[in-house]
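Before any comments, here is the structure.
Where a number appears in this text, it was derived from the coordinates with a stated rule and is not lab data. Just so you know, these numbers come straight off a predicted model, no measurement behind them. Glycine also receives a Cβ, built like all others from the backbone with ideal geometry; neighbour counts cover every protein chain displayed.
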Amino acid sequence: MTRNQKISIFITGSLLLSLGACVTQKYKTPEALKAEGLYRDVASTDTTSIADLPTSTLFNDPQLQVLIKEGIENNLDLKSSIERMKSAEANLRLSKVAFLPSLNLDLSAADNKQSRAALNLPPTINIPLETQLYRAQLSTSWEIDVWGKLGSAKRSALASYLQTDAAKRAVQTQLISSIATNYYTLLALDLQLKITEQTLASRVKNVEAIKALKEAGIVNGAAVVQSEANQYAAEVTIPDLKRSIRETENALNLLLGKGAGAVTRSTLDMQQGYKDLQVGISSQLLKNRPDVQQAELAFRVAFENTNLAKTYFYPQLTLTANGGLSTLRLENFFNNSIFYSFIGGLTQPIFNKGQNKARLTSAKAAQQETYFAFQKSVLTAGSEVSNALFAYQAAVDKETSRAKQIASLEKAVDYTKELLKFSSATNYTDVLTSEQSLLQAQLNGVNDKLQKLQAIVNLYRALGGGWKE
């Protein structure tokens with residue numbers, strides 16, 4: 001190859017590569033994305049966030065910590081997401097080796113015999129009609145990525161792999177949230193069952209007391225019947241509470257990748273919710289929320305697929321070569337039997353029934369669709385943070401009022417019982433009403449604490465906490 005030919009090839013290659021850089025675009029997060037000021041009534045500029053806390057700091061219950069660790073190790077959804085990551089990683093490796101030339105080895109031996117009749121040879125002519133051909137050949141093919149086709153495919157595969165990683169982390173954050181939520185629900189049900197059983201025991205004694213008052217002529221038979229009905233009203237709720245406890249235990253075990261069974265746990269009274277609920281700024285959701293990252297990576301895959309669709313409008317440059325040894329006689333295999341060829345091909349699409357245009361239109365539409373999904377995921381995350389913050393504050397606001405309500409109702413029950421014993425100024429209906437109100441207030445007090453604990457869990461998940469273990 002002459003010096004001028006080398007210079008021409010170099011100039012041509014440089015020109016093609018520079019043109020290729022104009023075909024595809026480099027990805028960057030869309031500037032039009034709305035990610036600021038998404039937390040309602042929160043104007044903090046402090047970037048400190050509970051999303052950066054480990055679960056052992058946020059949840060101080062040792063039993064809950066054990067369950068979370070067990071769930072991360074054994075949850076089946078999490079294991080499935082890891083397998084999807086392995087599959088995506090294999091596709092990524094395939095996209096990387098596409099830059100390398102292919103190399104194939106072909107070894108063959110052929111035995112051919114011609115028909116004298118087919119060759120129309122007279123009997124007097126004697127030539128060999130049987131020949132053998134022995135061949136050993138190496139062949140290679142290399143597509144030069146002038147327009148960024150292979151690069152876009154590789155970046156798309158990389159984004160897909162990272163998407164499965166984000167999906168795995170999203171599963172983990174949701175798993176931790178579900179374990180903590182079910183755990184706190186279980187503790188709340190335990191306490192509600194305890195309160196109901198204590199109430200039932202009190203009402204059983206109350207029935208006996210009302211019967212004694214009837215014998216003393218202080219109350220009539222209606223009061224006795226009403227006290228018994230009041231007893232049964234508490235008694236009938238116990239089977240449903242026990243059913244809910246068992247179902248919650250089973251749901252929790254399912255999250256842990258185990259069969260149905262009892263769950264070791266503490267009590268709701270022992271739970272002290274984390275109080276320093278720092279949320280940072282909403283733009284941090286882009287790097288903290290795995291599902292938001294997953295949505296952005298889906299957009300990035302679509303972006304690279306659009307780049308890829310653009311490259312189909314431009315020629316494909318392929319270099320192929322083959323060479324080896326070929327001979328009709330095996331003893332001459334290494335003697336003057338070398339052959340080779342080198343081909344450079346340029347394929348330019350001219351007419352392909354509109355496939356390239358349709359491919360590009362479809363890719364652009366998919367890219368726009370994933371952008372909208374990305375934007376929605378950010379807005380949804382901001383809304384979830386705002387809701388969790390307000391739910392926590394609402395539960396805190398109810399605590400003082402609920403405590404005062406329960407204290408007043410306890411006094412009301414005591415007063416009406418005493419009046420019923422020694423005065424005709426009241427009747428058993430007043431006692432019944434105050435007892436029912438007290439039980440409901442006590443159960444609601446349990447729900448208030450559960451709401452506060454679950455709001456902390458929901459806020460932690462909404463901010464993207466739990467995957468930085």
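So the values come out like this:
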{"item": "Computed P(r) (all Cα pairs; the range 30-92; 10 Å bins; percent)", "result": "16, 22, 26, 32, 4"}
{"item": "Residue-span extension gain [LYS364 to GLU31] - 0.36 nm each, minus C-alpha spacing", "result": "118.1 nm"}
{"item": "Debye intensity ratio I(q)/I(0), log10, the range 127-241, q values 0.19, 0.24 Å⁻¹ (C-alpha model)", "result": "-1.04, -1.21"}
{"item": "All lysines inside 21 Å of LYS69 as judged from Cα atoms, apart from same-chain residues fewer than 8 positions distant", "result": "LYS79, LYS168, LYS258, LYS468"}
{"item": "Inter-site label distance for LYS205 and ASN112 at 7 Å from Cα along Cβ, in nm", "result": "11.0"}
{"item": "Reach of LYS452 by Cα under 14 Å, taken over aspartates and glutamates that are not fewer than 8 positions away in the same chain", "result": "ASP269, ASP276, ASP397, GLU399"}
{"item": "Paramagnetic label zone (point 7 Å from Cα along Cα-to-C-beta, SER266; backbone N under 20 Å) in the range 40-66", "result": "53-66"}
{"item": "Gain in span if fully extended, ASP41 to SER341, counting 0.36 nm per residue against the direct Cα distance", "result": "100.7 nm"}
